[in-house]
Amino acid sequence: MLALAASVLLWARGDIDQSHVALTLLLVVLGGSAGGGRPLGFLLALLGFVLIDYYFQPPYELISVDKPLDGVVLVAFLASAFVTTELVTRARGEARTARQRGDEVSSLARLGSETLRYAEPEDALAAVAELVRSHLSARRTAIRLVEDGGGLAPEAIAESGDPDGMVESRLFASQSGVDDDAVRNAAVVTVDGSMPRGPLDSVAAGEPVLAVAMPLIVESRRVGVMVIVREKSGEPPRELPASDRRFVGAIGYYAALGAERLRLAREAEHANRLRQEGKAKDEVLATVSHDLRTPLTTIKLLAQKVAGRGDANGVIIEEHVDRLAELVTNVLDLSRIRAGGVMLNLELNTAEDLVGAAISRASGLIRDKQIVPHIDWHEPALTGRFDFVQSLRILGNLLDNALRYSPPNGVVDIDVRGDAPWIEIAVADQGPGIAVVERDRIFEPFYRPRSDTPDVGHAGLGLSIAKRLAELQGGEVIFTPRLGGGSVFTLRLPLAEIFDVVTSADD
Ligand code: ADP
């Protein structure tokens with residue numbers, strides 16, 4: 001092209017000036033550097049420089065600069081040609097890199113979707129291990145999960161290729177004690193097959209890499225480690241090209257997601273097993289309690305007969321049977337509530353009626369103590385939507401506890417108030433209160449603090465039944481310490497909207 005352009009320009013030399021020549025040859029340089037890169041561009045620039053001077057600047061056919069303006073033209077041509085060549089070459093390089101990155105991204109996306117299409121997380125991880133091994137032509141890949149204590153599981157969850165015990169165990173060992181802060185930098189590389197080194201970024205380009213241990217991170221948490229052994233120990237290590245490094249980093253993300261998925265699946269399985277076991281335990285308890293009822297009724301009848309004959313033991317037996325029967329009823333009720341077998345009758349009821357009924361039911365337990373209700377009779381009745389019978393049961397349990405734990409001559413206060421969206425019925429006693437560490441646990445079934453004296457009939461079920469029954473109605477039972485000592489157990493039930501009350505009255 002240069003020769004052709006120079007010949008045509010030479011033929012027309014009489015009719016054109018130097019700027020036409022310089023611009024035309026510049027176009028040739030541009031085409032040359034776009035097609036053949038930097039060396040061809042620079043070569044054409046130099047040739048063009050010589051051609052202009054030799055053929056197009058007087059004196060012709062002589063390498064010499066006659067007028068200063070000719071020199072300026074030559075220098076301007078050479079500078080423009082060099083700059084153009086450089087710019088075009090750079091743009092070509094950038095376009096190539098962009099194309100390569102695009103290819104990498106699409107191949108990664110393909111790998112990602114391949115790994116995510118497996119239903120079982122174990123299979124997805126095995127697919128990742130295999131993909132990484134084949135893509136990097138590695139000898140071996142293996143993935144181990146982090147266990148609850150933070151250490152690595154002894155067995156690999158997914159692996160592909162020939163094991164290399166020595167390299168693998170060194171790399172996994174170097175990862176097992178990694179703490180959370182060091183997690184991101186813990187990609188370790190062995191260069192000579194014996195010494196783990198890290199992180200991956202610190203290995204200079206061109207430096208040989210034998211194996212890589214990459215922490216798998218999800219939300220700054222290390223969930224596992226993937227080891228990639230490139231060569232067998234003893235073989236000369238190869239360099240890890242930048243594109244492979246990028247691949248390792250990106251595929252690690254999919255592996256981390258797979259590992260996290262596996263952990264969640266295992267947790268769900270564990271929770272499910274516990275739920276099944278809990279259900280089986282409930283069923284056994286319910287059956288045993290149910291079967292205990294008939295013999296208890298018989299014993300009670302016999303005890304009544306004995307007591308009727310004037311034997312004091314009969315009365316004692318009857319009392320014990322009553323407490324045992326209460327325990328059996330509680331166990332049965334709790335398993336019914338847990339199994340969702342309690343039918344609620346949610347209706348408009350007033351808190352005042354509920355408190356009145358609870359007090360009259362508790363009258364048998366009062367003995368030397370006193371129950372003092374605080375109800376504002378000037379206000380309209382506090383109306384809520386709740387199940388009267390079950391709420392009476394809740395309040396009965398709270399009052400029973402309050403009277404039981406009150407000192408002799410103690411006073412139990414019942415405060416009734418409306419605090420939208422709740423009706424609050426607070427039962428406050430002057431008893432020993434509840435230690436801070438026990439405050440959540442007392443609501444667990446069968447939990448009684450160690451300091452409590454063993455007591456048949458009180459097996460730590462009252463509060464758990466009360467809490468669950470309240471929650472079933474959209475309410476709750478909470479504990480707060482009483483100022484000056486003692487406990488306050490508050491039953492919260494949903495307050496009825498005025499609209500509910502009015503429409504219900506219209507009905
Ligand atoms: P129990 O029927 O055995 O009393 P609960 O579930 O009703 O079981 O109560 C659990 C534990 O909570 C009791 O063993 C007791 O230690 C504590 N507790 C409950 N109510 C009170 C209270 N009013 N004052 C002090 N301790 C209480």
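Before moving on, here are some points about what is shown:
- Maximal additional length on extending the LEU87-ASN272 stretch stands at 60.1 nm, based on 0.36 nm per residue less the C-alpha distance.
- Cα long-axis angle, helix 242-308 against the chain (0 to 90 degrees, to the nearest 10): 10
- If R0 is 60 Å, the Cβ-Cβ spacing of ASP353 and ALA250 corresponds to a FRET efficiency of close to 0.30.
- Qualifying trypsin sites (Lys or Arg not before Pro) in the range 383-472, DSSP loop, other Cβ atoms within 10 Å at most 13: ARG450
- Inter-part distance where the range 127-169 and the range 419-486 are each reduced to a Cα centre, Å: 51
- Inter-part distance where the range 338-386 and the range 399-414 are each reduced to a Cα centre, Å: 16
- Estimated FRET transfer efficiency when R0 is 35 angstrom, pair HIS135-ARG38 (beta carbons, to 0.05): 0.60
- Relative pair counts by distance (%), Cα atoms of the range 220-325, 10 Å bins: 11, 19, 14, 11, 10, 9, 9, 8, 6, 3, 0
- Angle in degrees between helix 121-135 and the longest Cα principal axis of the chain, rounded to the nearest 10: 10
- Here the sum of -39500 (n - 2.57) over DSSP H runs of 4 or more residues, divided by the residues of the chain, equals -18500 deg cm²/dmol at 222 nm, to the nearest 500.
- The shape of the range 1-99 comes out prolate: with a ≥ b ≥ c from the C-alpha gyration tensor, a/c is at least 1.5 and a/b beats b/c.
- Estimated D of the chain in µm² per second, where Rh is the Kirkwood radius over Cα pairs and Stokes-Einstein applies at 10 °C, 1.306 mPa s: 49
- FRET efficiency for the ILE478 to LEU301 pair, using the beta carbon distance and R₀ = 56 Å, is estimated at 0.85.
- Averaging the sequence gap over all C-alpha pairs within less than 8 Å and six or more residues apart, then dividing by the number of residues, gives the chain a relative contact order of 8 percent.
- Size of charge dipole - the chain - debye, nearest 20, with Cβ of Lys, Arg +1 and Asp, Glu -1, no other charges: 1020
- In degrees, nearest ten, helix 2-11 long axis to first principal axis of the chain (Cα): 50
- Dipole magnitude for the range 310-400: about 280 debye, using +1 per Lys or Arg Cβ and -1 per Asp or Glu Cβ, origin at the Cα centre.
- Loop sites in the range 363-405: chymotrypsin sites (Phe, Trp or Tyr not before Pro), DSSP, at most 15 other Cβ within 10 Å: TRP377
No lab work stands behind these numbers, since they all come straight from the coordinates. Not measured: the values here are computed from a predicted model. Every residue, glycine as well, gets a Cβ built from its backbone with ideal geometry; the counts of neighbours run over all protein chains shown.
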